[in-house]
1. Which residues in the stretch 97-116 have a backbone N closer than 20 Å to a point placed 7 Å from the Cα of Arg72 along the Cα-to-Cβ line?
2. If you wrap a convex hull around the alpha carbons of the stretch 5-144, what volume per residue comes out, as a whole number of Å³?
3. Stretch Leu146-Lys18 to full length: gain in nm at 0.36 nm per residue minus the Cα-Cα span?
4. When Met86, Met64 are ordered from fewest to most other Cβ atoms inside 10 Å of their Cβ, what list results?
5. Treat the count of other C-beta atoms within 10 Å as a stand-in for reagent exposure and order Trp40, Trp123, Trp20 from fewest to most.
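Here, each number is a calculation from the coordinates, and none is a lab measurement. None of these values were measured; they are calculated from a predicted model. Cβ: placed from backbone, ideal geometry, glycine included. Neighbour counts: every protein chain shown.
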Amino acid sequence: MTNPSVFLSYSHDSVAHKAWVRKLAEDLRAQGVDATLDQWDLRHGADLVAFMEAGIREAERVLMVCSSNYVRKAEQRKGGAGYEGMIVTSHVARSTDTVKFIPLVRDNPAEPLLPDFLGPRLWLDFRDDLLYAERLEDLVRELHDLPCFRKPPLGRPAFLSNSAELVSEPVALERKPATAQPVAAAQPEVTKPVLIQPLVIPTAPLGPPLRSGRQCPSFAEPP
């Protein structure tokens, strides 16, 4: 894993503010981030403009400590913050979707929190010192590209089986040319004889002879 490089852009608001920025740079270097800071990289007699241009151009990311004084100077193009603001503006104009510049809000209680040229970029809130360790970890994870949660890969619906996946694409069948089939000679139709079975009607069994002297009445005369 290579060490990411950053350039810290800030305004010299006060001795305490400069000490806070220096501590941030020290903590970043302690966690494998090659931080460039004017307090130890810029010597007396060096070209300040060249230092700022090279720092912004050569660093992978630029950390912009957006205090209220920094935002005001960047907007009014005053001091080092104003000149760095012009450099950042040109970068953003060439590539509006760049993620090179990371705003860090510090000592800035009210709007505007960021210079206008940064647009609606996502920023880290370093205003609460009690949350410094958490925000520092968020920043280090971003710089090392080690987020807490990574986007999982796309899967497939659970109800699909391997067999369904195999037949998901149509298969072209090879069609063979038709060949002429020989025509069989016509065979004479043979009529099979029909056997007729005789109808047998069963008869009722015979009973005993009638032993009565009574005569049946005639249907011609009433009884």
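1. 104-116
2. Cα convex hull per residue, to the nearest whole number: 106 Å³.
3. Working it through step by step, the gained length comes to 43.2 nm.
4. Met86, Met64
5. Fewest to most other Cβ atoms nearby, the residues stand as Trp40, Trp123, Trp20.
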